[in-house]
Amino acid sequence: MAMKIVIVEDNADRQAVMRRLLADRFYTFDLRFFDNAPDAIAFLAVHLPDTILVALDNDLDLKPGPDGRGIDQGEGRQVAEFLAARPPACPVVIHTTNSPAAGAMEEALRCAGWKTRRVIPFDDMAWIESDWFPAVRRAIVGPVRKARQPRSQP
């Protein structure tokens, strides 16, 4: 069974950039994108033991319902609260411009023993490659270690 990377992100363009970056380095993992909190929570309720990373946006756009009214898709904070009620299983990368929500997610998860990283989106989608992907990579494989320089002989 392939390990899973679960990403709560409702913007299709951001999903496409994330998918492209992850496909290059983490092609052996099963990528799961969710544009709403309830589906992400339902998936994690079953697959959390097989999940190697969770990435959370907070503010998820309303979806148009059959009557034209917007349907609330929840928020990443609900997913964070779901995770915080369980034993830590993997790192969580939080990517949202909503600072109060990000702080609340980090606090809830860290108090429950989860390891978190925070990325603040900027410049349309530039942040995904410059900040988000390196944070995801470090969360999965750890920090990049510099090669030891051989000592010169006197």
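Quick check: net charge around Ala80, other residues with Cβ under 10 Å of its Cβ, Lys/Arg +1 and Asp/Glu -1? List each step's numbers first, then the result.
Numbers: positive: Arg77; negative: Glu75, Glu81, Glu106, Glu107.
So the environment of Ala80 carries a net charge of -3.
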Exercise for the section: Kindly write out, for the range 25-34 in residue order, the coupling ³J(HN,Hα) from the Karplus curve 6.51 cos²θ - 1.76 cosθ + 1.60 (θ = phi - 60°), rounded to whole Hz, with x marking Gly and Pro. Expected result: 9, 10, 5, 7, 8, 8, 7, 10, 9, 10
Completion exercise
Whole-Å distance linking the alpha carbon centroid of the range 1-57 with that of the range 76-91 is 14 Å
Fill in the blank from the handout: Going residue by residue through the range 85-98, the Karplus relation 6.51 cos²θ - 1.76 cosθ + 1.60 with θ = phi - 60° gives ³J(HN,Hα) values, rounded to whole Hz and with x marking Gly or Pro, of 7, 10, x, x, 10, 6, x, 10, 9, 9, 10, 8, 8, 7
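Note down the magnitude of the dipole of the range 4-141 about its Cα centre, charges +1 on Lys and Arg C-beta and -1 on Asp and Glu C-beta and zero elsewhere, to the nearest 20 debye.
On the way: 16 positive and 21 negative charges, 131 e Å.
For this selection, approximately 620 debye.
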Practice task
Sort Leu109, Leu21, Leu56 so that the residue with the fewest other Cβ atoms within 10 Å of its own Cβ comes first and the one with the most comes last.
Solution key: Leu21, Leu109, Leu56
Problem - Formal net charge of residues neighbouring Asp24 (Cβ-Cβ distance under 14 Å; K, R +1; D, E -1) - result: +3
Practice task
In whole Hz, with x marking every Gly and Pro, tabulate ³J(HN,Hα) for the range 123-134 from phi via Karplus 6.51 cos²θ - 1.76 cosθ + 1.60, θ = phi - 60°.
Solution key: 6, 6, 10, 4, 4, 5, 7, 7, 10, 5, 4, x
Fill in the blank from the handout: For Ile7, other-chain or 5+-apart residues with amide H closer than 5 Å (H placed, Pro excluded) are Arg32, Phe33, Phe34, Ala55
Exercise for the section: Taking every Cα atom in the chain, find the radius of gyration and the maximum pairwise distance Dmax, and write them in Å. Expected result: 17.1, 80
Practice task
Show the residues, 5+ positions off or on another chain, whose built amide H is closer than 5 Å to the amide H of Thr116.
Solution key: Val92
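If you rank Phe82, Phe122, Phe133 by fewest surrounding Cβ atoms within 10 Å, what's the result? Could you put the intermediate results ahead of the total?
On the way: Phe82 18, Phe122 11, Phe133 21.
So the ranking, lowest neighbour count to highest, is Phe122, Phe82, Phe133.
With the Cα gyration tensor of the range 76-140 giving a ≥ b ≥ c as the square roots of its eigenvalues, does the rule (a/c under 1.5 for rounded; else a/b larger than b/c for prolate; else oblate) give rounded, prolate or oblate?
oblate
Values quoted throughout were computed directly from the atomic coordinates according to the rules given, and no laboratory measurement underlies them. Every value quoted in this text rests on a predicted model; they were computed, and no experiment measured them. Virtual Cβ from ideal backbone geometry, glycine too; neighbours counted across all protein chains shown.
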